[in-house]
Amino acid sequence: MITQHFLAGLACLSLGAVSSCSHSLTGAADLGKSRPQHVAKKAPARGSTLPQAASAATIAKSRNLPKDKHGMPTYRSHSERTRYVRTTAYSHMENEPGAPGRKNASGGTLKYGSVRSAAADWSVYPLGTKFRVKGQPHIYVVDDYGSALVGTNTIDIFKPTLRSMRHWGTRKTEITVIQWGSYERSARLLKGRTRFSHCRKMYYGCNRKLNSSVVSRDLRENGAL
């Protein structure tokens, strides 16, 4: 009889412990649920404002135009100032072989303020071309080039850090040219660099436009000589 009471008491104690433990665990879980979860947010990269998407009208107008190797439109006239373009980003912090630090191809310093530097094929967007990117407050100026850009309509946007460069990535957007640069000035600078194949291609591309009566008339009318 004593043994039976003793065993029964142990069973009650065990059940009580399990019950107490389960309430304790449940309470801990409830306590955890009641606490607000603070998730750290990453600070946006400096100058990380991204462009807006191109308008449907701009994309529609570009559909029947010739395309470059990236499938982007090649505009026939410099009077077509609102354009659908592929943009990429680069930074002097990539430390590419042969890259002259923060110097641009025209001999100045890469800009990153209210006016910002961009690189392009100078036979497409000549040196000094100024444009805006849709949804951004800055003015961009073409003062640089890159071998990978030659033969394409891509514009490469300068960024001062690798983080902001990666944040931009590759984007198709809309630009508005507010002032054309000069093919004559581009050709003069490129003439002494024709030992490099990409400079040679841009040099001859600029001269083809300058020597074509039809194209040169278009250049004069739109201030791109």
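The values are calculated or read from the model by the stated rules, or taken from the named source; none is laboratory data. Given the structure is predicted, the values throughout are model-derived calculations rather than measurements. We place every Cβ from the backbone using ideal geometry, glycine too, and count neighbours over all the protein chains shown.
Could you check the stretch 172-225 and list, in sequence order, the residues that are over 30 Å from the mean Cα position of the chain (by Cα) and either within 15 Å of GLY151 (Cβ to Cβ) or surrounded by 21 or more Cβ atoms within 10 Å (Cβ to Cβ) (or both)?
ARG208 - this is the single residue of the stretch 172-225 that is over 30 Å from the mean Cα position of the chain (by Cα) and either within 15 Å of GLY151 (Cβ to Cβ) or surrounded by 21 or more Cβ atoms within 10 Å (Cβ to Cβ) (or both).
This table checks each residue for (1) in contact with a strand residue (DSSP E or B) (Cβ under 6 Å, 6 or more places away or on another chain); (2) modelled with pLDDT of 95 or more; (3) closer than 18 Å to LEU50 by Cβ.
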| residue | (1), (2), (3) |
| --- | --- |
| SER79 | no, yes, no |
| THR88 | yes, yes, yes |
| GLU96 | no, no, no |
| ALA99 | no, no, no |
| VAL115 | yes, yes, no |
| SER123 | no, yes, no |
| HIS138 | yes, no, yes |
| VAL142 | yes, yes, no |
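So which of THR87, THR129 ends up being closer than 18 Å to THR170 by Cα and polar (S, T, N, Q)? Break it down stepwise before answering.
On the way: THR129 fails: closer than 18 Å to THR170 by Cα.
Result of the check over THR87, THR129: THR87.
Could you say which residue among TYR145, TYR125, TYR112 is of a type in the set (Phe, Trp, Tyr) and surrounded by fewer than 21 Cβ atoms within 10 Å (Cβ to Cβ)?
Values: TYR145 fails: surrounded by fewer than 21 Cβ atoms within 10 Å (Cβ to Cβ); TYR125 fails: surrounded by fewer than 21 Cβ atoms within 10 Å (Cβ to Cβ).
Selected residue: TYR112, the only one of TYR145, TYR125, TYR112 that is of a type in the set (Phe, Trp, Tyr) and surrounded by fewer than 21 Cβ atoms within 10 Å (Cβ to Cβ).
If you take the residues of the stretch 170-225 that are of a type in the set (Asp, Glu) and part of a helix (DSSP H, G or I), which of them is modelled with the highest pLDDT?
Kept after step one, since they are of a type in the set (Asp, Glu), are these residues of the stretch 170-225: 174, 184, 218, 221.
Cutting the leftovers down to part of a helix (DSSP H, G or I) gives us 184, 218, 221.
On the way: GLU184: 97, ASP218: 91, GLU221: 91.
In this case the residue turns out to be GLU184.
Taking the stretch 79-132 only, how many residues are assigned to a loop (DSSP other than H, G, I, E, B) and of a type in the set (Ser, Thr, Tyr)?
Quick first cut of the stretch 79-132, residues assigned to a loop (DSSP other than H, G, I, E, B) only: 79-81, 91, 95-102, 104-108, 110-111, 113-114, 120-129.
Filter again for of a type in the set (Ser, Thr, Tyr), leaving 79, 91, 106, 114, 123, 125, 129.
Summing the residues that are assigned to a loop (DSSP other than H, G, I, E, B) and of a type in the set (Ser, Thr, Tyr) in the stretch 79-132 gives 7.
Those residues that are aromatic (Phe, Trp, Tyr) and part of a strand (DSSP E or B), I need them from the stretch 140-155; list them, please.
Of all residues in the stretch 140-155, those aromatic (Phe, Trp, Tyr) come to 140, 145.
Residue satisfying the conditions is TYR140 alone.
Applying the selection to the stretch 196-225, what residues are of a type in the set (A, V, I, L, M, F, W, C) and over 14 Å from HIS78 (Cβ atoms)?
Answer for the stretch 196-225, where residues must be of a type in the set (A, V, I, L, M, F, W, C) and over 14 Å from HIS78 (Cβ atoms): PHE196, CYS199, MET202.
Taking the stretch 75-92, which residues are surrounded by 13 or more Cβ atoms within 10 Å (Cβ to Cβ) and either over 19 Å from the mean Cα position of the chain (by Cα) or without any contact (Cβ under 8 Å) to a residue 12 or more places away in the chain (or both)? It would help to see each step written out before you state the result.
Residues of the stretch 75-92 surrounded by 13 or more Cβ atoms within 10 Å (Cβ to Cβ): 75, 78, 80-92.
Answer for the stretch 75-92, where residues must be surrounded by 13 or more Cβ atoms within 10 Å (Cβ to Cβ) and either over 19 Å from the mean Cα position of the chain (by Cα) or without any contact (Cβ under 8 Å) to a residue 12 or more places away in the chain (or both): TYR75, HIS78, GLU80, ARG81.
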